[in-house]
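Right, one structure below, let's go through it.
What follows draws every value from the coordinates through simple rules; no lab data is involved. Note that the structure is predicted; figures quoted are calculated from it, not measured. When we count neighbours, we look across all protein chains shown, and the Cβ atoms used for this are built from the backbone with ideal geometry, even at glycine.
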Amino acid sequence: MTKEAFSPAGKSAAEISKGAIEILVLSEADVVACINLSQLLDALEDGFKALSQRKVVNPPRPQLDIPGAGYSLAMPAWMEGMNLTVKIVNVFEGNLAKNLPSHLATISLFDPQSGLPVCIMDGTFITAVRTSGSAVLSVRALARRDARIATVVGAGVQANQHLHLLPLVRDFAEIRVTSKSFDDAAALARLHPSVVAVADLEAAVRSSDVVCLATHSYQPVIDAGWVQPGTHVSSVGVAPPGGEMPIELIGRSSLYVETKDAFKPTPVGSCELAGFDPDFGTELGAMLLDRAPGRVSDQQITTYKAMGIAMEDMVAADLAYRCARRVRKGKLVVL
């Protein structure tokens, strides 16, 4: 005979209902207003350290494919002091022809003690800024201190966020943007008065101290031979089965990754890292904790390959949520 559970109020499990609860809803504009980019970089650094200390629950992301249209990823994460965070991101490349973003995301926060939802927010901006944020954090940690010239390859959403973030980590004399379409690069540069659009990709890379790849290319967008000693190269593009970063460049560099999951098969891992031993790469968090070496010489080539992980969404969403509650952004809805 099954013994029925009762609540402290004397109700049986069958009699208990969730009831009406208030949830904070944050629009894209609310999220943009609530995320300070300097604070985001610091939050990401703390998150990477916690990740390498195994304080973050960050399981591999499952992928659901919609044939001929796109795919959907579920990305949950949690650590002590944070809400349980779950992002759903839908990637539909055909959206660009409809004047819609190719990556659309929604983030939900849940109370870790009860599981009750506390917030639903736009995740599209966070997806863009946390990915570029991790790459620029790698610049802050690994680029030479005297780095003067940075080149961003790409002219989309990720490239745009790189251009916002790069001035926060070095006093660059020049920041450039280049793309397969010079018109696209020029249009993006117009949004950033101090940024220069350049047409000659090879010349730009050869003369740069920092190169940030931010494309959706299925093949390498630069030649490994263009990258000079002492350069730091980051990559955020995910486009299997190929990828934007040359494998030859990775092989002759000191490689840093978010986690060793980057070496797993796609969609969890990076297609560019297939075939590499996981011990070849160093977790960015381990380096930030001084558990592993960072840049050790001005001649060393360092690389960072990002896949985008749920920890990054969690810390960015936490920043937005705390700010929104403090300044009373967003709307309360009853669920």
*Report ³J(HN,Hα) in whole Hz for each residue of the stretch 16-33, in order, from the Karplus equation J = 6.51 cos²θ - 1.76 cosθ + 1.60 where θ = phi - 60°; Gly and Pro get x.*
7, 10, 5, x, 6, 10, 8, 10, 7, 10, 10, 6, 4, 5, 4, 5, 4, 5
*Hey, what did the chain get for relative contact order, percent, Cα under 8 Å, at least 6 apart?*
21
*asked:* Can you give me the C-alpha center-to-center distance between the stretch 31-66 and the stretch 239-317, rounded to a whole angstrom?
replied: 15
*asked:* At a 10 angstrom cut-off on C-beta neighbours, averaged per residue, how do the peptides 135-147, 86-98 rank from highest to lowest?
replied: 135-147, 86-98
*For Val118, enumerate residues with amide H under 5 Å from its amide H, sequence gap 5+ or separate chain, H modeled in the peptide plane.*
Leu109, Phe110, Asp111
*Taking amide H positions as placed 1.01 Å from N in the peptide plane, with prolines and chain starts having none, which residues 5 or more places from Leu255, or on another chain, fall under 5 Å of its amide H?*
Thr282, Thr303
*Got the relative contact order for the stretch 77-159 handy, in percent, Cα pairs under 8 Å and 6 or more residues apart?*
20
*Taking the structure as given and computing Cα Rg over 2.2 N^0.38 Å, which label from (1) 1.28; (2) 1.22; (3) 1.06 fits?*
(3)
_Given an 8 Å cut-off on Cα distances and at least 6 residues of separation, report the relative contact order of the stretch 135-308 as a percent._
23
*Can you bin the stretch 262-329 into rounded, prolate or oblate? Criterion: square roots of the alpha carbon gyration tensor eigenvalues sorted a ≥ b ≥ c, rounded for a/c under 1.5, prolate for a/b above b/c, oblate for the rest.*
oblate
*Charge dipole (the chain, unit charges on Cβ, about Cα centre) - positive-most of Val136, Ala199, Ala262*: Val136
*So what J values fall out for the stretch 149-159 if you push phi through Karplus, 6.51 cos²θ - 1.76 cosθ + 1.60 with θ = phi - 60°, rounded to Hz, Gly and Pro as x?*
10, 10, 10, 9, 9, x, 9, x, 4, 5, 4
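Please work out whether the stretch 194-326 counts as rounded, prolate or oblate from its C-alpha gyration tensor, where a ≥ b ≥ c are the square roots of the eigenvalues and a/c under 1.5 means rounded, while otherwise a/b larger than b/c means prolate and anything else oblate?
In terms of gyration-tensor shape, rounded.
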*In the stretch 135-308, with Lys and Arg counted as +1 and Asp and Glu as -1 at Cβ, which of these residues, Ala155, Ile175, Pro240, has the Cα nearest the positive end of the dipole, that is, farthest along it?*
Ile175
*Which residues' amide hydrogens lie under 5 Å from the amide hydrogen of Val152, considering only partners 5 or more residues apart or on another chain, with H built in the peptide plane?*
Arg176, Val177, Thr178, Cys212
*Angle, helix 310-327 long axis vs. longest principal axis of the chain, Cα atoms, 0 to 90°, nearest 10?*
70
